[in-house]
């Protein structure tokens, strides 16, 4: 009876709440933000059906793909450099930090220590790291005490830190989602809300329950009003995420029924929606389901518009994906979203595929194929090679209960230190779109995505057919003439184009006819010509999915689609505003396998990252077979000690098995190398020193390399796992490491058949 009375009282308090919340609001002076360099007014996002579109919902489709800034404005000790403490002070959450530091040093000094932590935890380098990966969205979790004091009074310059974050992200072409992660009183009693309820998280959820629920909710609405008032019209802010993981751990074992929990939450969402709309009519409002799509209402029930629905997904039971349940579980989540079929954009705001890198690749492809927006949890965590984070930390932890003020200040001054979780970063960046404008970077003249979505294609060698005439593209006359669709079949170098994925989400195309990059010659007729020795703006293109079998190419320099113009002899020009017949192309690996837009795999065999041992080559740079390699010092590469030691260039001549390397051409255009010393595949050991070691029984990401021919006829190897060139470093006893950003002398190799014939 007590619980029913409580619900009745809470629901009764909701009557007229939106009006009351608006009336208690007092304006905060608007801060002037520096103009965003990459995100402009035309990039402002609004929901249009099930898609987010720029230009206030009337422009191009934008897919948000990125990560969370977890641990920055609200700590969770399992992932941040603060120790749990028990005794005179129990410290298990952000609220305990604030209260303990206040009791020990006073509120002003507490705020100074918190400022030290936050000043150093996230820096401009972190924005640069995200931009370099191709991230276009960062979800920023905050809690209420970032903005107010213990009594609910707003802090001086309370938006200064958020303003800085939004400004820095916007300058780099990244949107920001403002996520209310910890509501007054706590919406779930869990540490990530700022309050840890221990074994009784429902009772600790005083945002929903108890005598203080009404006042906590009033403060919550007031904060949202001020946030909305402050950021109204700011195009870098992608949307307002109303409440993180309400009910969370007790959602399915609460003393309240599902209908009761829904009624409480949806009413609060509706009130927050109305309050925000009174201050900001334009920004997307994001509503979270804990945990499934049926935990959110049909938006038409409340008359909500310009909203996005958010979901989180974690499966701990198959942490290493041994049974493949990580992918199955995410597919089930997506099936539930599709089944509800709400006419709103969908957003996977938090998720992790945990330890298995292959699961990450499969799972991200699944999300991309579904058309959903997503941000991983999270960017930075403590620990070594911890796949919860794109970046890892190894820094001293603070004991808030016992460390001195100076010790805490010193330790928290070091919390910005981190290093890339290389394997995970390299796995994820292939599934990111680049920046906000359809997968390309910068503002310029690029008009963005067409709505078909950015396609994915792995680095490697391909040939391309124009759809309208079925002819293969050719760089005629050794690349001296513009590219033309005029060949009946693939014939070799003149029809070979090497795809190079750039860090900003674009691709470049290198012609096999002369080893030059295709350039959209903007200052002439926009013709495509293989003339450039390096990649600049004119050598970048966005690869766009037109259909399940066809691609479009958009020139970055002018935002125009490439056309095989039948009225101009089928010569290729980057001069069309949209895609129709002449702007559609089919892409094939040089062994004849047709590629499938959106996956970078062939159209019949699924994702090429699954460990496929490859296909025999008919048109690859070097055919499958047994070879030996010589370094720039004329030393033969050897897998010493029956392959137990790293590869080393130390033999004066080819001697047999230890020097024999079998080349295997994979379906995605990469190669793998199998050592004759032990029958194992050569692995770039990314989690150690990037040394090359013949240790793997099957082919995965770390066993794949790009083989590139140099202008002198030699070869270079680039590791897929980290994008680094292989070097026989004479300063390291000529051991082979995949650790160089560019290729010079020590990074070049000659390849010979085992009978001594050099491959030219």
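Residue 649 - would you say it is farther than 29 Å from residue 588 by Cβ and either touching a residue at least 60 places away in the same chain (Cβ under 8 Å) or not in a strand (DSSP E or B) (or both)? Don't jump to the end; show me each part of the working.
Details: farther than 29 Å from residue 588 by Cβ: yes; either touching a residue at least 60 places away in the same chain (Cβ under 8 Å) or not in a strand (DSSP E or B) (or both): yes.
The answer is yes for residue 649.
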So which residues in region 296-326 are within 29 Å of the chain's Cα centre (by Cα), surrounded by fewer than 22 Cβ atoms within 10 Å (Cβ to Cβ) and part of a helix (DSSP H, G or I)? 299, 325
When residue 235 is run through (1) in contact (Cβ under 8 Å) with a residue 12 or more places away in the chain; (2) farther than 21 Å from residue 308 by Cβ; (3) not in a helix (DSSP H, G or I), the failure sits at (2)
Selection from region 125-173 of residues closer than 14 Å to residue 238 by Cα and part of a strand (DSSP E or B) yields 137, 138, 139, 140, 141
With 228, 183 as the choices, which residue is in the same structural domain as residue 280 (by TED's automatic domain parsing), within 22 Å of residue 378 (Cβ to Cβ) and surrounded by 21 or more Cβ atoms within 10 Å (Cβ to Cβ)? 183
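From the residues in region 85-94 that are modelled with pLDDT of 95 or more and either under 15 Å from residue 383 (Cβ atoms) or in contact with a strand residue (DSSP E or B) (Cβ under 7 Å, 6 or more places away or on another chain) (or both), which one is surrounded by the most Cβ atoms within 10 Å (Cβ to Cβ)? Walk me through it before giving the result.
Residues of region 85-94 modelled with pLDDT of 95 or more: 91-94.
Now narrow it down to the ones that are either under 15 Å from residue 383 (Cβ atoms) or in contact with a strand residue (DSSP E or B) (Cβ under 7 Å, 6 or more places away or on another chain) (or both): 91, 94.
Details: 91: 24, 94: 27.
Per the stated criteria, the residue is 94.
A quick yes/no check of all residues on (1) farther than 25 Å from residue 515 by Cα; (2) modelled with pLDDT of 90 or more:
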position: 605; (1), (2): yes, no
position: 629; (1), (2): no, yes
position: 648; (1), (2): yes, yes
position: 673; (1), (2): no, yes
position: 678; (1), (2): yes, yes
position: 698; (1), (2): yes, no
Which of the residues belonging to region 702-732 are buried (at least 23 other Cβ atoms within 10 Å of the Cβ) and either more than 30 Å from residue 356 (Cβ to Cβ) or in contact with a helix residue (DSSP H, G or I) (Cβ under 6 Å, 6 or more places away or on another chain) (or both)? 720, 721, 728
Which residue, of 153, 129, is free of Cβ contacts under 8 Å to residues at least 40 places away in the same chain and outside the structural domain of residue 546 (by TED's automatic domain parsing)? 153
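The values are calculated or read from the model by the stated rules, or taken from the named source; none is laboratory data. The shown structure was predicted, so the numbers you read here are calculated from the model rather than taken from an experiment. Note that each Cβ is placed from the backbone with ideal geometry, even for glycine, and that neighbours are counted across all protein chains shown.
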